[in-house]
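Presented below is the structure to which this report refers.
The values are calculated or read from the model by the stated rules, or taken from the named source; none is laboratory data. Computed from a predicted model, the values in this text were never measured in an experiment. Heads up, the Cβs are rebuilt from the backbone with ideal geometry, glycines too, and the neighbour counts pull from every protein chain shown. Note: accessible area is taken over every heavy atom of the protein model, side chains too, but ligands, DNA and RNA are not part of it. Shrake-Rupley method; radii C 1.70, N 1.55, O 1.52, S 1.80 Å.
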Amino acid sequence: MNNRVEQVRQEALQAIAQASGLEELQQVRNTYLSKKGAVQELMSLMRNLSREEKPAFGQLVNACKDAVTKALEEKQAELGKAAMNARLASEKLDITVPGDRFEIGTVHPLMLMQREIEDLFIGMGYKVAEGPEVELDHYNFELANIPKDHPARDMQDTFYIDPNTLLRTHTTAMQMRELEKAEGKTPIKLICPGKVYRRDDDDATHSHQFMQVEGLVVGENVTLADLKGTLTYMADTIFGGGRKVRFRPSYFPFTEPSVEVDVSCPFCNGKGCSVCKGSGWIEILGAGMVHPHVLEMNGFDSEKCSGFAFGVGLERVTMLKYGIDDIRNFYTNDMRFLKIFDRYD
Ligand code: DAH
């Protein structure tokens with residue numbers, strides 16, 4: 001029986017020595033030290049011994065158990081250290097490796113211009129309104145004094161969704177929404193920036209989707225002179241001081257009188273150059289006094305109040321300000337183009 005103890009001890013120590021990982025070591029521990037393990041089995045042999053023999057045998061088995069326990073602990077410490085070293089080696093961080101470069105975006109030039117225009121009008125006490133791009137015919141045309149059979153509908157090739165719903169062709173639709181919302185109460189001072197859509201073929205100066213900023217002021221004694229002063233201030237802020245503003249008679253169904261507005265060319269200061277085609281003037285927007293019929297349709301008394309309105313193409317002024325010659329640059333996401341505007345943000 002003593003031999004059996006020695007045999008178990010040797011086997012256990014050998015298995016411990018050979019264990020190559022913590023899991024394997026745990027199995028060895030189970031095999032030898034668990035309740036049904038080999039060492040416990042040795043203990044159970046005691047019942048076959050005489051009273052005199054028992055203590056000596058018990059000591060022997062205990063010594064065996066101690067030896068195995070000690071060997072297990074040592075091996076466990078050794079394997080634990082090795083596992084930790086392996087983990088440290090695999091997770092080693094080389095702080096000298098250069099980091100990944102992130103492409104930092106820039107503010108889109110149209111957004112730069114939108115913000116600039118918003119800032120300058122907010123500074124004059126205007127509010128900024130926004131509205132739906134999918135619009136009702138009612139706001140885009142009817143309330144803007146463009147009924148179904150009106151020839152002005154041909155001026156704007158429209159994307160219709162159904163006979164009453166369309167992609168708005170101008171931010172003037174928002175002007176109508178705001179007029180209606182005001183329920184005849186003045187004063188109104190707002191701008192409305194946003195996307196608009198027309199069935200145009202895209203080329204260097206046309207895009208089926210572009211941006212406008214609408215302006216609207218309604219109150220007592222609002223005159224064409226107020227419009228001129230306001231637009232001169234806007235032109236000065238966008239293109240630099242000293243711009244002159246010129247009105248040319250024009251036609252829009254929702255304004256009377258209607259004007260087309262030119263600014264003195266910021267590139268040659270009005271002397272004549274290739275940008276202004278020698279004229280010294282550049283057309284930037286359409287405007288006018290809100291048509292009395294539009295005021296009346298929206299619940300205002302056109303005897304008591306008057307208003308001016310304008311609609312400026314955001315791409316157009318941005319192209320003029322930064323000397324951009326192709327509108328498609330705004331929509332083709334070429335980083336080389338967009339990065340130029342880093343410095344203006
Ligand atoms: N809605 C016009 C267009 O898209 C621009 C415009 C002209 C807006 C005169 C106005 C205005 O508010 O008064 O061509």
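Looking at 185, 181, 189, 195, which is the one that is without any contact (Cβ under 8 Å) to a residue 24 or more places away in the chain, of a type in the set (D, E, K, R) and outside any loop (DSSP other than H, G, I, E, B)?
Criteria check complete, one pass: 181.
So that you can scan it fast, the table gives a plain yes or no per residue for (1) in contact with a Ser or Thr (Cβ under 9 Å, 6 or more places away or on another chain); (2) on the phi > 0 side of the Ramachandran plot; (3) crowded, with 17+ Cβ neighbours inside 10 Å:
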position	(1), (2), (3)
133	no, no, no
157	yes, no, no
160	no, no, no
163	no, no, no
192	yes, no, yes
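Pairs under 6 Å by beta carbon, first residue under 9 Å from residue 135 (Cβ atoms) and assigned by TED's automatic domain parsing to the domain that holds residue 206 in segment 160-171, partner modelled with pLDDT under 95 and open to solvent by less than 40 Å² (accessible area, probe 1.4 Å), six or more apart or different chains?
Close Cβ pairs satisfying both conditions: 166/158; 169/156; 169/158.
Do you know which of the residues in segment 46-64 that are farther than 13 Å from residue 2 by Cα and assigned to a loop (DSSP other than H, G, I, E, B) is least open to solvent (accessible area, probe 1.4 Å)?
Only one residue fits best here, namely 50.
Suppose we filter 215, 242 for residues that are buried (at least 20 other Cβ atoms within 10 Å of the Cβ) and assigned by TED's automatic domain parsing to the domain that holds residue 295; which single one remains?
Step by step, each of 215, 242 is checked, and only 215 is buried (at least 20 other Cβ atoms within 10 Å of the Cβ) and assigned by TED's automatic domain parsing to the domain that holds residue 295.
I'd like the full set of residues that are charged (D, E, K, R) and either in a helix (DSSP H, G or I) or buried (at least 20 other Cβ atoms within 10 Å of the Cβ) (or both), limited to segment 135-152.
Within segment 135-152, 135, 137, 142 qualify.
Return the residue satisfying two criteria in turn: it lies in segment 198-222 and is in a strand (DSSP E or B) and not aliphatic (A, V, I, L, M), and of such residues it is farthest from residue 304 (Cα to Cα).
Filtering segment 198-222 for residues that are in a strand (DSSP E or B) and not aliphatic (A, V, I, L, M), the one farthest from residue 304 (Cα to Cα) comes out as 209.
If residue 118 satisfies every condition in (1) surrounded by 13 or more Cβ atoms within 10 Å (Cβ to Cβ); (2) modelled with pLDDT under 90; (3) out of contact with any Leu (no Cβ under 8 Å at 6 or more places or on another chain) but one, which is the exception?
(2) is the only condition that residue 118 fails.
Kindly indicate the residue of segment 306-345 that is within 30 Å of residue 296 (Cβ to Cβ) and either not assigned by TED's automatic domain parsing to the domain that holds residue 276 or not aromatic (Phe, Trp, Tyr) (or both) and also surrounded by the most Cβ atoms within 10 Å (Cβ to Cβ) among those meeting that condition. Walk me through how you get there before you give the answer.
Narrowing segment 306-345 to residues within 30 Å of residue 296 (Cβ to Cβ): 306-313.
Then drop every residue that is not either not assigned by TED's automatic domain parsing to the domain that holds residue 276 or not aromatic (Phe, Trp, Tyr) (or both), which leaves 306-307, 309, 311-313.
Values: 306: 21, 307: 27, 309: 24, 311: 22, 312: 24, 313: 19.
If we take residues in segment 306-345 being within 30 Å of residue 296 (Cβ to Cβ) and either not assigned by TED's automatic domain parsing to the domain that holds residue 276 or not aromatic (Phe, Trp, Tyr) (or both), then 307 is surrounded by the most Cβ atoms within 10 Å (Cβ to Cβ).
Which numbered condition trips up residue 269, out of (1) of a type in the set (S, T, N, Q); (2) open to solvent by 60 Å² or more (accessible area, probe 1.4 Å); (3) within 16 Å of the ligand (Cβ to nearest atom)?
(3)
Every residue in segment 153-174 that is part of a loop (DSSP other than H, G, I, E, B) and touching a strand residue (DSSP E or B) at 6+ places or on another chain (Cβ under 8 Å), please.
158, 159, 164, 168, 169, 170, 171
Just checking, how many residues over segment 279-300 are more than 19 Å from residue 180 (Cα to Cα), of a type outside the set (Asp, Glu) and open to solvent by 50 Å² or more (accessible area, probe 1.4 Å)?
Matching residues across segment 279-300 total 2.
Filter segment 212-259 for residues that are polar (S, T, N, Q) and more than 13 Å from the ligand (Cβ to nearest atom) and give the result.
Step one: list which residues in segment 212-259 are polar (S, T, N, Q), which gives 212, 221, 223, 230, 232, 237, 250, 255, 258.
Scanning segment 212-259 gives 221, 223, 232, 237.
Filter segment 277-305 down to residues that are β-branched (Val, Ile, Thr) and under 18 Å from residue 249 (Cα atoms) and give me whichever is nearest to the ligand (Cβ to nearest atom).
Ranking the qualifying residues of segment 277-305, first place goes to 290.
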